[in-house]
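**Q** Here it is, the structure, as structure tokens.
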Amino acid sequence: MFGLGTQELLIILVLVMIIFGAGKLPQVGGSLGKGLRNFKKGMSDSDDIEEAKVEEIEKKDEEKTQEKDA
């Protein structure tokens with residue numbers, strides 16, 4: 001889609017080095033990694049919450065069905 005080649009990546013790397021400096025680069029990378037990790041954790045947590053809600057609804061439906069049968 002974007003077609004980033006080697007030259008484009010090198011230009012981006014040089015710009016990042018100019019903006020942040022070589023000393024801050026590890027901090028920027030670490031912060032980016034933590035952000036991605038938190039995002040993935042949040043996405044998986046929301047899936048777990050949705051699954052728990054579905055299970056709760058199914059349980060209630062089963063209880064209603066049992067009450068009707070009795």
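Every read-out reported here was derived from the displayed coordinates using simple, explicitly stated rules and does not represent laboratory data. Given the structure is predicted, the values throughout are model-derived calculations rather than measurements. Methodologically, a virtual Cβ is constructed for each residue, glycine included, from the backbone with ideal geometry; neighbour enumeration extends over all protein chains shown.
**Q** Can you tell me the 0 to 90 degree angle between the C-alpha axis of helix 6-20 and the longest principal axis of the chain, rounded to 10?
**A** Once rounded, one gets 90 degrees.
**Q** Sticking with this one: What chymotrypsin sites (Phe, Trp or Tyr not before Pro) in the chain are in a loop by DSSP, with at most 11 other Cβ atoms within 10 Å of the Cβ?
**A** Taking the chain and a limit of 11 other Cβ atoms within 10 Å, the loop chymotrypsin sites (Phe, Trp or Tyr not before Pro) found are Phe2.
**Q** Taking the Cα centre of the chain as origin, sum charge times position over the Cβ atoms of Lys and Arg (+1) and Asp and Glu (-1), and report the length of that vector in debye to the nearest 20.
**A** Charge dipole, the chain, about its Cα centre: 860 debye, nearest 20.
**Q** From the list (i) 13.7, 45; (ii) 24.5, 75; (iii) 10.4, 27, can you say which value of Rg and Dmax of the Cα atoms in Å was derived from the structure given?
**A** From the options (i) 13.7, 45; (ii) 24.5, 75; (iii) 10.4, 27, the structure gives (ii).
**Q** Still on this structure, please answer the following. By how many degrees, 0 to 90 and rounded to 10, does the Cα axis of helix 25-69 deviate from the longest principal axis of the chain?
**A** 10
**Q** Follow-up question, since we're still on this one. Please name which of Leu10, Thr65, Asn38 has its Cα lying farthest along the dipole of the chain towards the positive end, using unit charges on Cβ (Lys, Arg +1; Asp, Glu -1) and the Cα centre as origin.
**A** Leu10
**Q** Another question about this same structure. Can you figure out the FRET efficiency of Met43 with Leu15, using R₀ = 25 Å and their beta-carbon distance, to the nearest 0.05?
**A** 0.25
**Q** Between Gln7 and Leu36, what length comes free when the chain is fully extended (0.36 nm per residue of separation minus the Cα-Cα distance, one decimal in nm)?
**A** So the chain would gain 7.9 nm between Gln7 and Leu36.
**Q** Taking 7 Å along the Cα-to-C-beta vector as the label spot, tell me the Val28-Lys59 distance in nanometres, rounded to one decimal.
**A** Label at Val28, label at Lys59, 4.9 nm between them.
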